[in-house]
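Asks: For reference, the structure I am asking about is given below.
All of the numbers you see were taken from the coordinates with simple rules; none came from a lab. Computed from a predicted structure; not experimentally measured. Counting neighbours? That spans all protein chains shown, and the Cβs are built from the backbone with ideal geometry, glycine included.
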Amino acid sequence: MKKFLDLISAEVASAFEACGYEASYGKTGISNRPDLCEYQCNGAMAAKKKYQKAPIVIANEVVEKLMANMETAREQGMTPVFDSVEAVNPGFINLKVSGDYLAGYLKEMAADENLSVEKAAQPKTIIIDYGGANVAKPLHVGHLRSAIIGESIKRICRFAGHQVIGDVHLGDWGLQMGLIITEVRHRNPDLPYFDESFEGEYPQEAPFTISELEEIYPTASAKSKEDESYREEALEATAKLQEGVRGYHALWQHILNVSIADLKKNYGNLNVEFDLWKKESDAQPYIPDMAEMMKKEGYAYEDQGALIVDVKEESDTKEVPPCIILKSDGAALYTTTDLATIIDRVKNYDPDEIIYVVDKRQEMHFTQVFRCARKTKLVKEDMDLKFLGFGTMNGKDGKPFKTREGGVMRLERLISEINEEMYNKIMENHEADPEEARRTAKLVGLSAIKYGDLSNQASKDYVFDVDKFTSFEGNTGPYILYTMVRIKSILAKYRANTAAGENAEILTPAGESEKALMLELTKFNSVIEQAEEELAPHKICSFIYDLSNALNRFYHETKILSHEDAAQQAGWIALLTLTLRVLETGIELLGFEAPERM
Ligand code: ARG
């Protein structure tokens, strides 16, 4: 469906044209003085110079033409676009849309399964690299943003009609693996994994549980910082693993299995789902050939034993260091892995675009990787590589979010604290079945966390304020859900008492708050388009917030269920139904759901 604002602009543009002016002057926007009008065109002022006429004269001509159009439409039994048009000094054209026209647009929107959003004419294949958890390290809030934002971007691009593949790209190949192996060895030197002469089958069962594993890594990491020989051992273990030593490989496989099972559970609790569970290690097989190619084609050269590719450009205002492909000891780095991963992705999925949702502090890394990938022709010229860098999630003190005791906040703990808070609120509000309240608290808690994050522009740091985010009032997830539950309850009551009305259509608005709600709904397709183009879930947040406010205002001013005119009532029910569908789609794109009651 066409965008509502485009339809309005087209109507004004054709009036400009009919009066002998260029149509482009008819571009119309939403009014910034809603007390005066709904839409506003400032084209007459812009046309002044070209036509050497006072803007008010131009505006008056156009307004006259628009009025004539309205008259003709009425005579022909058609719906005029506007109710009122007015030229105002020095040359504004103020417009109010006709209620019938508005209702007609919403009827069409309600009949459209995509709620007026047009699918991409040329669907792209997009890979989204997000999540980025590191195996065997507990998920902490730092990984939360990538998961939340990436999941939403994935859903938005999919809804816009693209083929989207989400890849978690687990970190499973660095020193952390060597550290864990080393610590396991210190604790259990007799395990067969460390016996180089062992030729039998290794045990099926992992020699640790997830909670042991989560304790092993920090212990090993701390030891390596104090004890140089321990660190040496860990480096050696890492090298052995990467060389493919059998026992180390088997142990690493156990680490992966235990850790991934736990990650799946955690991401599941966040409503975050990946299509691919690929890992850094999956890119390793591509590295030798890649390095060889870069050398052979003359892109890479040796510098103090290391293999590097220059990626600086003349226009750089800050230093962009060269990409190190292989260290002097032949080891691969984070950059190497990311380049090899691109090869893997191109080969297996031939994407038009890869979007990386990663902490913005890694921006330089991605600048290097993208430039190197282009220079060495790992990607087609028209393939897009996008970095969506996000800011830090801070506590109220403005420092990175911590537990009350000052430790690193684990994701599981954060979620359970929020759920507890929500549970208490729900039980305080009204008497509820404790089990249902638990389920509801989980849904509402997730909305608090996700909306709290997504309502900010991703690149900005933000303060994770539990009290604010869990509030049922203001610009929060729970407020949106509360609004939706309110609509659900009206619809349920209506349906319980009225058999008819299911197929009722949206009517011409009877009052101001109703019209405001309807005008808000017309923005949906353009909001989705912007959110997709700019990779900006926060645009959806501000839209559903405005829509919820408009709905609540209408609700407070209207006696819907006790209204005596059944047709009017049915029309309102149709309007509420559409509003609910739009809100449902909105939160679905953000990655959370609404309960039936709360
Ligand atoms: N594992 C990395 C980290 O924790 C994030 C991975 C981001 N994705 C990528 N392709 N480099 O910092």
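Asks: With respect to the cross-link table entries Lys265/Lys468; Lys399/Lys539; Lys223/Lys442; Lys154/Lys360; Lys124/Lys450; Lys27/Lys119, which display a Cα-Cα separation exceeding 29 Å?
Replies: From Lys265/Lys468; Lys399/Lys539; Lys223/Lys442; Lys154/Lys360; Lys124/Lys450; Lys27/Lys119, over 29 Å: Lys223/Lys442.
Asks: Can you return the lysines within cross-link range of Lys295? Criterion is Cα-Cα under 22 Å, with same-chain partners fewer than 8 residues away left out.
Replies: Candidates past the 8-residue exclusion: Lys312, Lys327, Lys347, Lys375, Lys377, Lys380.
Asks: Would you kindly compute the Cα radius of gyration of the range 88-159 and its largest Cα-Cα separation (Dmax), both in Å?
Replies: According to the Cα coordinates of the range 88-159, Rg and Dmax are 21.7, 68 Å.
Asks: So if I take the centroid of the Cα atoms in the range 383-426 and the same for the range 124-185, what is the distance between those two points in Å?
Replies: Using only Cα atoms, the two centres lie 17 Å from each other.
Asks: What's the Kirkwood radius of the range 450-598 in Å, using all Cα pairs? Provide the component values of the computation, followed by the final result.
Replies: Numbers: mean 1/r = 0.0619 Å⁻¹.
For the range 450-598, inverting the mean 1/r across all distinct Cα pairs yields 16.1 Å.
Asks: Could you check the simple spin-label distance between His430 and Gln530, using points 7 Å along Cα→Cβ, in nm with one decimal?
Replies: Each label point lies 7 Å from its Cα, and together they span 3.5 nm.
Asks: Efficiency by 1/(1 + (r/R0)^6): what FRET value for Asn269 and Thr209, r their Cβ-Cβ distance, R0 = 25 Å, to the nearest 0.05?
Replies: About 0.85, to the nearest 0.05.
Asks: For the range 534-598, I need the span (max minus min coordinate) of the C-alpha atoms along each principal axis, in Å, sorted largest to smallest.
Replies: For the range 534-598, the Cα extents along the three principal axes come out at 46, 21, 20 Å.
Asks: Going 7 Å from the Cα of Val88 toward and past its Cβ, which residues in the range 1-41 have a backbone nitrogen under 17 Å from where you end up?
Replies: 28-41
Asks: Using only the alpha-carbon atoms of the range 366-442, report the extent along each of the three principal axes, biggest first, to the nearest angstrom.
Replies: 64, 30, 17
Asks: Between Leu7 and Val320, what is 0.36 nm times their sequence separation minus the Cα-Cα distance? Round to one decimal in nm.
Replies: Between Leu7 and Val320, full extension yields 108.0 nm more.
Asks: Here is a further query. Between Glu75 and Lys225, with labels modelled 7 Å along Cα→Cβ, what's the label distance in nm to one decimal, could you check?
Replies: Taking the simple label geometry, Glu75 and Lys225 are separated by 8.4 nm.
Asks: Just how far, in whole angstrom, is the range 44-115 from the range 265-314 if you go by their alpha carbon centroids?
Replies: 56 Å
Asks: Select from the range 357-464 those GluC sites (Glu not before Pro) which occupy a DSSP coil region and have at most 10 other Cβ atoms within 10 Å, ordered by residue number.
Replies: On the way: sites: Glu363, Glu381, Glu405, Glu412, Glu417, Glu420, Glu421, Glu428, Glu431, Glu435, Glu436; in loops: Glu381, Glu405, Glu431.
In loop regions of the range 357-464 (DSSP not H, G, I, E or B), the sparsely surrounded GluC sites (Glu not before Pro) are Glu381, Glu405, Glu431.
Asks: Just going by the charge dipole of the range 294-410, with Lys and Arg at +1 and Asp and Glu at -1 on Cβ, which of Gly398, Ala373, Ser315 is farthest out on the positive end?
Replies: Checked the options; the winner is Gly398.
Asks: Rg and Dmax of the range 436-495, Cα atoms, in Å?
Replies: 13.3, 45
Asks: If you don't mind, there's one more thing I want to ask. How much net charge surrounds Gly161 when only other residues with a Cβ under 15 Å from its Cβ are counted (Lys, Arg +1; Asp, Glu -1)? Intermediate values should be presented prior to the final figure.
Replies: Values: positive: Lys119, Lys124, Lys154, Arg155, Arg158; negative: Asp112, Glu113, Glu118, Asp352, Glu353, Glu529, Glu532, Glu533.
Overall, the nearby charge balance is -3.
Asks: So what are the ³J(HN,Hα) numbers for the range 546-555, from phi and the Karplus equation (6.51, -1.76, 1.60; θ = phi - 60°), rounded to whole Hz, Gly and Pro as x?
Replies: Coupling constants for the range 546-555: 4, 5, 5, 4, 5, 5, 5, 5, 4, 4 Hz.
Asks: Return the FRET efficiency for the residue pair Glu118, Val466: r is the Cβ-Cβ distance, R0 is 30 Å, and the value is rounded to the nearest 0.05.
Replies: 0.15
Asks: Hey, another quick one. Can you list the HN-Hα couplings for the range 210-226, worked out from phi with the Karplus curve (6.51, -1.76, 1.60; θ = phi - 60°), rounded to whole Hz and with x for Gly and Pro?
Replies: Each residue's phi maps through the Karplus curve to give 4, 6, 5, 4, 5, 8, 4, 4, x, 4, 5, 4, 5, 4, 5, 7, 9 Hz.
Asks: Could you list, bin by bin from short to long, the percent of Cα-Cα pairs of the range 50-200 in 10 Å steps?
Replies: Percent of pairs per bin, in order: 9, 17, 15, 15, 15, 10, 7, 5, 6, 2.
Asks: Something else now. Which one of Ala566, Phe543, Thr579 has its Cα pushed farthest toward the positive end of the charge dipole of the range 503-598, where Lys and Arg give +1 and Asp and Glu give -1 at the Cβ?
Replies: Ala566
Asks: A follow-up question, please. Please grab the % of Cα pairs in the range 144-222 that end up more than 22 Å from each other.
Replies: Value for the range 144-222 (Cα pairs over 22 Å): 50 percent.
Asks: Two decimals is fine: what's Rg over Rh for the range 487-530, C-alpha atoms, Kirkwood radius as Rh?
Replies: In the range 487-530, Rg relative to Rh is 1.09.
Asks: Here is a follow-up. In the range 295-353, what GluC sites (Glu not before Pro) fall in a loop by DSSP, with at most 12 other Cβ atoms inside 10 Å?
Replies: Glu297, Glu313, Glu314, Glu319
Asks: Okay, moving on. For the range 215-332, report the translational diffusion coefficient in µm²/s to the nearest whole number, using Stokes-Einstein at 4 °C, 1.567 mPa s, and a Kirkwood Rh over Cα pairs.
Replies: Numbers: Rh = 17.8 Å.
Calculated translational D: 73 µm²/s.
Asks: Debye sum, Cα scatterers, the chain, no solvent: what log₁₀ I/I(0) at q = 0.06 1/Å?
Replies: Treating every Cα as an identical point scatterer, log10 I(q)/I(0) equals -0.44.
Asks: Further question: Once you have the Cα-Cα distance between Lys53 and Glu108, take 0.36 nm times their residue separation minus that, and quote the gain in nm to one decimal.
Replies: Using 0.36 nm per residue and subtracting the Cα-Cα distance, I get 15.8 nm.
Asks: Here's something else I'd like to know. Treat every Asp and Glu Cβ in the chain as -1 and every Lys and Arg Cβ as +1, leave all other atoms uncharged, and give the resulting dipole magnitude about the Cα centre to the nearest 20 debye.
Replies: Charge dipole, the chain, about its Cα centre: 1280 debye, nearest 20.
Asks: Please label the shape of the range 401-462 as rounded, prolate or oblate, based on the square roots a ≥ b ≥ c of the eigenvalues of the alpha-carbon gyration tensor (a/c under 1.5 means rounded; beyond that, a/b larger than b/c means prolate, else oblate).
Replies: Oblate is the answer for the range 401-462, as a/c is 1.5 or above yet b/c matches or exceeds a/b.
Asks: Further, regarding this structure: Take the Cα atoms of the range 324-425, find their three principal axes, and give me the spread along each one in whole Å, biggest first.
Replies: 56, 34, 22
Asks: What residue among Gly161, Ile255, Val184 has its Cα farthest toward the positive end of the dipole of the range 137-294, where the charges are +1 on Lys, Arg and -1 on Asp, Glu, each on the Cβ?
Replies: Highest projection toward the positive end goes to Gly161.
Asks: For the chain, can you list the cysteines whose C-beta has no other cysteine C-beta under 4.7 Å from it?
Replies: Cys19, Cys37, Cys41, Cys157, Cys541
Asks: Let me ask you something else. Using DSSP to call loops (not H, G, I, E or B), can you name the GluC sites (Glu not before Pro) in the range 41-123 whose Cβ has at most 10 other Cβ atoms within 10 angstrom?
Replies: Those that pass, being in a loop and sparsely packed, are Glu113.
Asks: Separate question: Calculate the dipole size of the range 207-288 relative to its Cα centre from +1 charges on Lys and Arg beta carbons and -1 charges on Asp and Glu beta carbons; express the result in debye to the nearest 20. Could the numbers behind the result be given before it?
Replies: Numbers: 9 positive and 15 negative charges, 53 e Å.
Using only the charged Cβ atoms, the result is roughly 260 debye.
Asks: With charges set only on the Cβ (+1 for Lys and Arg, -1 for Asp and Glu), what does the dipole of the range 133-233 come to about its Cα centre, in debye to the nearest 20?
Replies: Charge dipole of the range 133-233: 1000 debye, to the nearest 20.
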